[in-house]
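Just so you know, all these numbers are worked out from the coordinates, no wet-lab data involved. What you see is a predicted model, and the numbers here were worked out from it, not measured in a lab. So basically every Cβ, Gly included, is an ideal-geometry build from the backbone, and we count neighbours across all protein chains shown.
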Amino acid sequence: MSILIFGYQVIILIVAFLFGQFPFFWNYEKKILRRLGILPAKQVRIAIFASGKGSNAGKIIEYFDKHLTVNVSLIVCNKPGAGVLNIAEQAGIKSLVIDKETFKKAGEFSQILKDQGITHIVLAGFLWKIPAGLIAAYQDKILNIHPALLPKFGGKGMFGEHVHAAVLAAGDKQSGITIHLVDEQYDHGKTIFQTAIDIHPDETPDSLAARIHVLEHEHFPAVIESWVS
Ligand code: GRF
């Protein structure tokens, strides 16, 4: 039986080769072989980019300390002294404080990440725009979390308090979180996950921010886990 199954996979690859589709089918086969334990599991090493407090980064680290499906390998931060750097230190995770010049030289910066074996990037409250070169180097491998229901309330300047104030000013009945792939426009790539909550009649930007944070902490780590797999 197993010879038949194995033979079938080989035939698929030969036919795929003849029709010029080998890379697509080989990737598919590799996934099957990894699941069967024939090829070693690919190690997923993420870098979390954050500019502030880092509560999401903290939850992600905590989650993967237990689940071990992802290795949180690096914290990248653009603000010396940001809370996320303490979180990294306490967790014993390497951190990197970047300056704009190095960051903009995407070739150089993506090489720094590749040298550390980073396979995926997670933006958790990172305020700089990701340069096109880095997006190209990590095509469909960069995930962002946004504290509203995109495509509404996204784009340049829509971060933190500004988002929640805009949602309330618009009189929306719901807000929520969007987890999406990163492309060259702010808050624009393909949505991977969205969930909503009802806005309370006496809601303020602060109370909404706190409730949205709870939602982020609850969902972000597991969404990352299913995205990388
Ligand atoms: C989160 O609300 C996230 O959606 C947004 O920035 C905030 C970061 O919060 N992109 P924290 O630093 O993880 O606490």
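Computed over the chain, the per-residue total of -39500 (n - 2.57) for DSSP H runs of n ≥ 4 gives a 222 nm mean residue ellipticity of -14500 deg cm²/dmol, rounded to 500. For the stretch 14-136, the mean projected area of the C-alpha convex hull, equal to one quarter of the hull surface, is 9.4 nm². Restricting the calculation to alpha carbons of the stretch 100-229 gives Rg and Dmax of 15.6, 50 angstrom. In nm, to one decimal, how far is the modelled label at K66 from the one at E89, with both set 7 Å along Cα→Cβ? Modelled inter-label distance: 2.7 nm.
Between A222 and F6, what FRET efficiency comes out of the Förster formula 1/(1 + (r/R0)^6) with R0 = 35 Å and r the beta carbon distance, rounded to 0.05?
0.55
How high is the relative contact order of the stretch 174-229, in percent, counting Cα pairs under 8 Å that sit 6 or more residues apart? Normalised by residue count, the contact order of the stretch 174-229 is 32 percent. Taking only C-alpha pairs under 8 Å that are 6+ residues apart, what is the relative contact order of the stretch 53-152 in percent? Relative CO of the stretch 53-152 lands at 23 percent. For the stretch 27-71, place one equal point scatterer on every Cα, skip the solvent, and apply the Debye formula. What is log10 of I(q)/I(0) at q = 0.13 Å⁻¹? Taking Cα atoms of the stretch 27-71 as identical point scatterers yields -0.44.
Placing R0 at 30 angstrom, the Cβ-Cβ distance between K31 and H188 gives a FRET efficiency of 0.60 after rounding to 0.05.
Straight distance only, please: which lysines reach the Cα of K141 with their own Cα at less than 16 Å, same-chain residues fewer than 8 apart left out? Here the lysines satisfying the reach criterion relative to K141 are K42, K114, K129, K190. What separates the Cα centres of the stretch 64-125 and the stretch 126-143 is a distance of 13 Å. The value of relative contact order for the stretch 83-229, using C-alpha pairs under 8 Å at least six residues apart, is 19 percent.
Using a simple spin-label model with pseudo-atoms 7 Å out from Cα toward Cβ, V97 and E203 lie 3.6 nm apart. Each pair of Cα atoms in the chain enters the Kirkwood radius, and Stokes-Einstein at 37 °C and 0.692 mPa s then converts it into a translational diffusion coefficient of 169 µm²/s.
Under a Cβ-only charge scheme (Lys and Arg +1, Asp and Glu -1), can you give me the dipole magnitude of the chain about the Cα centre, in debye to the nearest 20? Present the calculation step by step, with values, prior to reporting the outcome.
Numbers: 22 positive and 21 negative charges, 155 e Å.
Dipole of the chain, to the nearest 20 debye: 740 debye.
Once both labels are positioned 7 Å from their Cα atoms along Cα-to-Cβ, the gap between K105 and S229 label points is 4.0 nm. Considering only G52, G157, G171, the mean-square fluctuation computed in a Gaussian network model of the chain, springs between alpha carbons under 10 angstrom, is largest for G171.
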